[in-house]
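For reference, the structure is listed below as structure tokens.
We did not get these values from a lab; they are worked out from the coordinates using the rules stated. Source: prediction; values computed, not measured. When we count neighbours, we look across all protein chains shown, and the Cβ atoms used for this are built from the backbone with ideal geometry, even at glycine.
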Amino acid sequence: MTLPTPTLHTARLLLRPFTEADTDSIYALQSNQHVLRYWDAPRWKKRAQAERFIAVCRQIEQECTGARLAIERAAEGVFIGWCCLIKWDPDYRSAKMGYCLDDAAWGQGFATEAAGALLQWAFDTLDLNRVQAEADTRNTASSRVLEKLRFVREGSLREDCIVDGEVSDTWVYGLLRREWMPLQSGSAAE
């Protein structure tokens, strides 16, 4: 089965495949210490990391293991972050979801809107039964996003990450097909 990276539209957002033109935007996001304070990897320090990220986006698509999408505010065409569905396993009908948004886009419902559109595409297209997501236990905003999307906190991974010498725990969330209820955002896929 092929898995082309979709283009998704919501009321306020455009989710689309990454291109080389996104290199500076993704580098700015992933090198922002404030944005990545709860991330499971250190902030980027070299632009080449952004180039590698975009190359991996194409690799994920070619290997049919998921999709990484750039998120833009549709009205202005401004890059505000990204979301992904990775580790798609058609035999187990499962995948993992993640997202990262610029701090200027926080608190406006963009993460919920983007992740909801990605989940709708994934459940419709990939016949998923389960989607897993993780959040640093200190990241209450991300936990709220997942809970709005009907994810259930299933457990915690103690001292799961050590980034720049700081140890943190991770909550594991799961969403089953039978629990999924699409948001009323009017999202559509191309």
**Request:** Please list the equivalent ellipsoid semi-axes of segment 57-119, computed as the square roots of five times the alpha-carbon gyration tensor eigenvalues, in descending order and whole angstrom.
**Result:** 24, 13, 8
**Complete:** With 0.36 nm assigned to each residue of separation and the Cα-Cα distance removed, Glu179 to Arg138 gains 12.2 nm
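How would you rank 53-60, 174-181, highest first, on the average number of other Cβ atoms within 10 Å across their residues?
53-60, 174-181
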**Item:** Fully extended contour minus Cα-Cα distance, from Asp103 to Ala48, at 0.36 nm per residue
**Value:** 17.5 nm
**Fill in**
At the level of C-alpha centres, the distance separating segment 23-74 and segment 103-121, in angstrom, is 16 Å
**Prompt:** In the neighborhood of Thr19, defined by Cβ-to-Cβ distances under 13 Å, what is the net charge if each Lys or Arg adds +1 and each Asp or Glu adds -1?
**Reply:** -3
**Message:** Test of understanding: what is the full-extension gain from Glu147 to Lys96, defined as 0.36 nm times their sequence separation minus their Cα-Cα distance?
**Reply:** 16.8 nm
**Three principal axis lengths of segment 1-135 [C-alpha, angstrom, descending]** = 37, 31, 27
**Message:** So, R0 is 41 Å and r is the distance between the beta-carbons of Ala41 and Asp124; what FRET efficiency does that work out to, to 0.05?
**Reply:** 0.85
**Request:** For a footprinting-style exposure proxy, rank Thr10, Thr125, Thr23 by other Cβ within 10 Å, fewest first.
**Result:** Thr125, Thr23, Thr10
